[in-house]
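Below: one structure, written as structure tokens.
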Amino acid sequence: MRYLPLSEADRVSMLDKIGVGSIDDLFVDVPQAARRSGPVDLPMYAGELEVEAQLQAFAAKSVSPSKVPFFVGAGAYRHHIPATVDHIIQRSEFLTSYTPYQPEIAQGTLQVLFEFQTQVARLTGMPVANASLYDGSTAAAEGVLMATRATKRNKAVLSGGLHPHYRETVETLAHAVGIETEACDLAIDDEAEVLNHIDADTACVVVQTPNVFGTATDLTQIAAAAQAAGALLIVVVTEVMSLGLLKSPGEMGADVVAVEGQSIGVPLSFGGPYVGLFAAKEKYLRQMPGRLCGETVDADGERGFVLTLSTREQHIRRDKATSNICTNSGLCALAFSIHMSLLGQEGLKRLAKINYAKAHSLRDRLAAVPGVEVVTPRFFNEFTVKLPKAAAPVVEALAAQGVLGGVPVSRLVADPAFGNHLIVAATETVSDTDMDAFVQALKAVL
């Protein structure tokens with residue numbers, strides 16, 4: 001296909017049509033400090049060997065989670081992924097699969113997504129789930145948009161334990177469409193404050209469990225309060241592995257569930273791509289974003305799969321679409337589904353129990369370090385400690401000793417009250433030797 005560039009007259013006509021004077025006017029919302037004033041500082045050309053050598057040098061500066069004791073979490077977790085997952089997703093019929101624009105001839109893709117939806121529904125304890133979204137944060141934001149449509153209200157209450165990156169994603173999308181957001185103060189355990197923010201104008205309450213500090217909360221009381229006020233409860237889960245052990249959001253009364261599914265089947269990969277899981281009560285089915293795949297029979301009575309619901313703007317609904325999600329993390333959803341199938345229900349439970357035991361073993365060891373206080377009251381595989389000094393330089397000093405010791409809260413949010421707080425995660429990949437190395441390094445640094 002040949003590339004035919006626009007003429008100057010074409011550009012002028014397009015700018016006139018949308019009502020701006022120049023291309024620069026399209027970027028007025030981008031802060032000046034974020035704009036480049038010149039080209040990127042890179043050579044204009046280089047040979048393939050030179051480029052390869054430079055990229056390898058860049059890569060060598062990174063420390064792989066598998067090479068050192070690794071306790072980083074805060075929304076992205078290192079778990080063991082069976083080799084079978086990578087083998088299957090690299091099969092040609094999966095690796096090149098994309099959105100089924102002609103669903104009737106994409107039976108394999110549709111069946112995979114149907115099975116994926118079934119797994120997500122069972123995990124979350126909800127009756128319906130969609131065919132995935134980009135990641136957990138965008139799933140949470142889509143849940144807020146859905147709640148305002150369903151309730152005809154315009155205010156979202158965001159809990160103080162919601163991951164700051166999720167909060168920012170929700171606030172960005174909400175601002176774009178005129179939804180009011182009311183964020184509770186950052187808190188390790190904020191159930192009481194959330195209840196105080198619910199009123200007759202509230203469309204939804206967004207609560208995370210386990211929250212960014214690792215605190216696991218039974219949300220039954222918040223669900224009852226929200227629904228009594230005519231609002232929806234949106235439950236956010238950043239560590240999907242916790243659903244193998246803790247009470248499901250559906251059991252706690254959630255109306256909508258937004259989950260980051262990265263922990264199952266998807267590697268860390270420098271922050272993405274990940275996979276957003278989205279589920280809801282059946283009465284909100286037609287308000288759900290993205291797509292839903294369903295099972296039916298063809299004219300001959302044979303089992304088949306169809307694109308049951310597709311509310312995105314590229315299909316018939318266009319400007320009436322409930323979402324502008326144009327695709328899904330299809331390959332990541334497949335990886336998730338393969339890993340879940342390998343684990344099975346009992347395997348997931350056992351793996352979740354191992355995570356729980358590892359984290360609590362680490363908690364006991366760190367609590368014995370002079371000056372270290374564990375502040376998370378109840379948790380799954382992640383918790384927060386308060387150090388006797390600022391956490392950020394401690395993490396850098398630990399890294400210099402070959403231990404990646406967690407995420408300083410100050411890296412997520414600028415709140416001086418939490419400057420000494422460190423979020424620590426321990427999954428099944430952490431050994432006793434890793435824990436001993438962490439404790440010894442921390443004692444030396446403190």
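With R₀ set to 35 Å, the beta-carbon distance separating E251 from E396 gives a calculated FRET efficiency near 0.25.
On full extension, the segment bounded by K349 and A192 gains 53.5 nm, given 0.36 nm per residue less the C-alpha separation. Mind checking which lysines have their C-alpha under 28 Å from K389, skipping anything on the same chain fewer than 8 residues away? Within reach: K61, K67, K358, K443. Remark: segment 176-190, residue by residue, has Karplus-estimated 3J(HN,Hα) of 5, 10, x, 8, 7, 10, 10, 8, 6, 5, 3, 8, 6, 9, 10 Hz, where x stands for each Gly or Pro and the curve is 6.51 cos²θ - 1.76 cosθ + 1.60 at θ = phi - 60°. Between the amide H of V236 and those of V207, Q208, T209, A258, distances stay under 5 Å, these residues lying 5 or more places away or on another chain, with hydrogens modeled in the peptide plane.
Antiparallel DSSP bridges in the chain: what percent, to the nearest 5?
55 percent
Spin-label pair D432-F58: with each label point 7 Å from Cα along the Cα-Cβ axis, the two points sit 4.3 nm from one another. Remark: C-alpha extents of the chain on the principal axes read 68, 60, 47 Å, sorted largest to smallest.
Fully extending the segment from T118 to L95, taken as 0.36 nm per residue of separation minus the present Cα-Cα distance, adds 6.1 nm. Label-to-label distance, E282 versus A34, with points set 7 angstrom from Cα along the beta-carbon direction: 4.3 nm.
Here's the list of aspartates and glutamates a cross-link from K155 could span, going by alpha-carbon distance under 18 Å and ignoring same-chain residues fewer than 8 apart: E142, E168, E171, E180, E182, D185, E193, D199, D201, D255. Taking 0.36 nm per residue of separation and subtracting the Cα-Cα distance, full extension of the segment from S22 to L49 would add 5.6 nm.
Read-outs: derived from the displayed coordinates by stated rules, not from any lab. Nothing here was measured: the structure is a model prediction, and the numbers come from that model. Reconstructed Cβ throughout: ideal geometry from the backbone, glycine too, with neighbour counts over all protein chains shown.
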